[in-house]
Amino acid sequence: MNTAMASYQFCAGRWVADERFVGRRALLEDAQRALLAGGPTGRRYVGRRRQGKTSLLHAIGALLRAHNQPDRVATAPEGLAGFIAQSVRAARLPAGVLRVPAYVDLAIQQGIHEVAARIALGAERPLNMPFFSGEVRSSDRPVDILLEALDAAMDLRPFQLVVLADEGHALLKDEGGARVLLQLLNQSEVPVRVFLTSTRGLDLRARGATRALVEALPTLTLGNLQPAAVDAMLADAGLDPGQQRGLKAVCGGNPFFLHVLGFALQNPVARPESQIVAGVENDLSHLLKEEVDWLRALARGKAAPAPASRWLLEQLSYVTVREPPALVEPLLAAQLAGRPLQPLIDATRLGVTAPADTGPALRLRLGPKPTRQYFGDALVRRAACRLGAQGYLLVWMLAEAARREGVAGLSQDDLTYGLGLGLSFLGIKHRTPRPRALVNDVRKLLPEPELLPSGRGGYRLVEGTVLEDCEEPFGHLAFTPPDLLELVLRWRDEREALLSFLRASVVSPARGVRLELRLRALAMDLFPHHAFALGVAVRELDSGHDLVSLGPIPLTEREGEAFLLWQEAHLDAGRVKARSADASAVHPVELVRPLDTLGLGGERFKHQGRRWSSRWLPAADTVDGFVTAPRWLDVGFVDRRGDGVLTVEEVGRWR
């Protein structure tokens with residue numbers, strides 16, 4: 001890059017003018033037509049934040065001043081100067097009428113007095129009216145005084161007042177400016193044109209005078225710069241060809257991105273990332289939530305229904321017009337997806353093609369003889385780490401969740417069930433998995449800990465992870481287990497239905513339904529270290545139909561014996577007798593642990609201002625005399641060992 005020879009200097013903050021203004025020719029030609037149209041009128045330009053709306057207004061102002069002094073316009077081959085020169089030579093705006101541009105920043109000049117005074121200030125020099133703005137500001141009737149003075153000036157020389165009103169979204173806070181502009185448009189003594197810029201937010205929230213102003217002006221959208229305009233910008237910027245390609249690839253024609261990153265290339269000490277992040281957040285704040293959600297879904301490669309305003313998002317260059325829709329700007333896509341921006345920024349600086357996806361690439365590879373301690377490897381980018389059985393299962397389930405459409409992540413309860421069931425299929429002895437501790441342990445092992453971002457309530461791989469060959473953990477088994485993630489997602493839905501049933505029952509005890517615990521024997525080697533499988537169901541007694549069905553829950557032989565003792569106590573007197581003095585004897589309370597750790601024991605909740613508890617299991621530390629079922633819940637214990645052993649096929653269609 002040779003910045004010393006660069007004639008085009010990028011601007012990372014202010015609007016651009018002169019030779020730095022490129023493109024927008026169609027809008028400038030339309031502005032000329034609006035200036036020649038009959039009656040008070042103008043245009044409203046809708047664009048994104050930092051998309052060039054202010055620069056366009058100043059370009060229109062430069063065009064007007066050039067027509068006022070045609071003898072001073074120099075010949076120029078291209079750019080804004082070239083357009084102005086062609087317009088003046090062709091007398092696109094007829095001579096004899098003075099054009100009076102009055103620029104108003106509605107974010108700064110607010111209220112009737114300030115806006116009217118600012119318009120008067122723009123007219124002072126062209127119309128030779130010194131101190132005019134002060135008279136308007138101090139008047140009790142600022143707009144009337146403004147129009148009376150302008151009407152009197154028309155007797156001296158014909159002119160056209162052109163109000164260039166910027167930052168129209170500020171009218172949402174103070175509609176005084178809208179009242180001034182409407183009054184100018186609704187009178188006929190002074191020729192007036194109003195060019196107003198705003199973001200999408202003005203359309204969504206305008207009321208009263210502001211809404212009337214929006215409806216009075218024909219609306220045009222800006223969109224991003226066309227490729228030819230971008231080429232013209234970069235041609236004289238002193239950048240290497242690779243850097244030019246990089247800028248065009250990551251910016252998608254967005255003037256804000258082009259100027260911020262171009263400025264950083266011409267000024268190596270600049271740090272553009274924070275400026276881009278703040279600019280995008282500001283821009284998105286002017287959209288509806290459903291619009292932002294759709295853009296975020298596209299950034300993450302997820303399918304989502306398009307909002308009714310999709311056509312406008314296309315016009316504003318957020319998304320492509322073609323099918324399937326996609327985000328136009330890789331920088332915007334990266335920020336919406338939560339991916340780091342720095343790799344894209346570095347790609348422009350180094351003059352290399354930006355990566356298509358900046359997320360880490362993940363591979364999972366089974367070990368030659370998977371064991372509890374060393375089950376397989378996780379390869380992230382090109383570095384690898386060894387994982388035990390629980391760690392491998394965890395990362396594989398999160399990878400599968402990332403592949404599935406509509407699966408945002410897995411909660412601790414989801415992972416507890418999935419890990420326990422997966423380890424049972426694998427024949428690995430285990431206690432109840434603790435997902436939170438396991439995630440922390442796995443994060444420490446990974447070459448990139450950020451692959452598993454810390455979060456509350458649920459877990460997922462970092463957005464943008466590229467999933468390559470992730471070998472499933474069951475490939476070495478003699479049988480093919482059902483889809484583990486499908487079992488987990490089904491468990492999630494059924495568990496929530498069970499908890500809803502318990503909450504409703506404790507408030508108003510249900511009749512004709514029963515909570516049933518069902519014990520099944522297992523086929524040989526289905527769960528090698530377990531003897532039984534438990535199902536938890538909510539059964540409608542009249543029809544025999546299951547309203548809720550959770551399972552299977554693998555049980556050890558001891559836990560199965562606890563079920564049978566609990567069943568016996570429940571049928572006998574509903575209260576469990578004291579534990580035997582023999583410490584090795586099985587007690588019914590031992591069945592509480594697997595149910596409790598899976599979150600099936602009920603919960604505390606509020607209903608109609610009262611505190612309730614749907615807890616139906618006895619406390620896990622209870623030894624003597626616990627009640628086998630609360631009064632508000634009908635509980636049944638069903639021994640189904642005589643129905644035959646549970647097979648892998650039945651697990652897949654569990655209900």
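The values are calculated or read from the model by the stated rules, or taken from the named source; none is laboratory data. Keep in mind that what you see is a predicted model, and the values were worked out from it rather than measured. Note that each Cβ is placed from the backbone with ideal geometry, even for glycine, and that neighbours are counted across all protein chains shown. Heavy atoms of the whole protein, side chains included, go into the accessibility calculation; ligands, DNA and RNA do not. Shrake-Rupley method; radii C 1.70, N 1.55, O 1.52, S 1.80 Å.
Given R0 = 60 Å, the distance between the Cβ atoms of Arg72 and Arg310 translates into a calculated FRET efficiency of 0.80.
Between Arg558 and Arg610, the distance separating the two model label sites (each 7 Å from Cα on the Cα→Cβ line) works out to 4.1 nm. Where only DSSP H runs of four or more residues are counted, the chain gives -12500 deg cm²/dmol as its mean residue ellipticity at 222 nm, each run worth -39500 (n - 2.57). The alpha carbon radius of gyration of the stretch 5-151, expressed as a multiple of 2.2 N^0.38 Å, is 1.15. Computed log10 I(q)/I(0) for the chain at 0.08, 0.10 Å⁻¹: -0.77, -0.95, from the Debye equation with unit scatterers placed on every C-alpha and solvent omitted.
Residues whose amide H lies under 5 Å from that of Thr221, counting only those 5 or more places away or on a different chain, are Val46; hydrogens are built 1.01 Å from N in the peptide plane.
Taking all protein chains as they are arranged and a probe of 1.4 Å, the heavy atoms of Leu36 leave approximately 90 Å² accessible to solvent. Considering only Ser584, Leu366, Asn128, and ranking their Cα positions along the charge dipole of the chain that arises from unit charges at the beta-carbon of Lys, Arg, Asp and Glu, the one farthest toward the positive end is Asn128. For the chain, the relative contact order comes to 10 percent (Cα pairs under 8 Å, sequence separation of at least 6). When only alpha carbons of the stretch 505-616 are considered, Rg and Dmax amount to 16.1, 52 Å. The distance linking the stretch 187-216 with the stretch 412-453 is 58 Å (Cα centroid to Cα centroid, whole angstrom). The residues of the chain present an accessible area of 46 Å² per residue when probed at 1.4 Å with all protein chains retained.
Debye-formula intensities of the stretch 175-328, expressed as log10 I(q)/I(0) at q = 0.18 Å⁻¹, are -1.15 (one equal scatterer per alpha-carbon, no solvent).
About the centre of its Cα atoms, the chain shows a dipole size close to 560 debye [charges on the beta carbon of Lys, Arg (+1) and Asp, Glu (-1) only; nearest 20 debye].
In plain terms, the chain from Ser138 to Ala278 could stretch by 46.5 nm, reckoned as 0.36 nm per residue minus the Cα-Cα distance. Less than 5 angstrom separates the built amide H of Cys470 from those of Leu364, all sequence-distant by 5 or more or on a different chain. Largest accessible area first, the listed residues Met524, Met129 line up as Met524, Met129 when surface is computed with a 1.4 Å probe on the assembled protein chains. For the pair Glu148 and Leu98 in one chain, pulling the backbone fully straight at 0.36 nm per residue adds 16.2 nm over the alpha carbon distance. Relative to the current alpha-carbon distance between Ala585 and Ala297, full extension at 0.36 nm per residue lengthens the span by 98.1 nm.
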